[in-house]
1. With the requirement that a residue be of a type outside the set (Ser, Thr, Tyr) and part of a loop (DSSP other than H, G, I, E, B), what does segment 70-87 give you?
2. Search segment 40-58 for residues being surrounded by 16 or more Cβ atoms within 10 Å (Cβ to Cβ) and of a type in the set (A, V, I, L, M), and hand back the single one that is nearest to residue 101 (Cα to Cα).
Amino acid sequence: MGDRFDLRGAHVSGSAVGSHSRVYHQSGPGLPVADLLAALAAARADIVAAAPEADRDEVRAEVGKIEEELQRDTPRGTVVANRWQTVTTVVGAISEPLVKITELITKLFG
């Protein structure tokens, strides 16, 4: 009919047959990718500065690749998570921006 549903990022399971049957779903992440992109942009300089000097170019490149992935029509969560793991491993220090971005990635991609 004329109804439209946006199920991007939603998880739907079960089946329903009959006029009183119901199917429940859990909607996708309530966090838009734009929030993660904004957090990365705001923390980029601090993240790069926290890396050892010899590794700063690598960290800068990884953050750039994460941003590129997030700008795709359908970002691949495993790619984002793996690249972020590289960043956190190289940086090695736990800081507020790193923790915040890790939480955002987890909320978005599980």
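1. Restricting attention to segment 70-87, the residues satisfying the condition of being of a type outside the set (Ser, Thr, Tyr) are 70-73, 75-77, 79-85, 87.
Passing the criteria: 71, 72, 73, 75, 76.
2. Ranking the candidates gives 40 first.
Readers should treat all values here as calculations from the given coordinates under stated rules, not as data from a laboratory. Fair warning: this is a prediction, and the values are worked out from it, not measured in the lab. Positions of Cβ are generated from backbone atoms using ideal geometry, with glycine treated the same way; all protein chains shown enter the neighbour counts.
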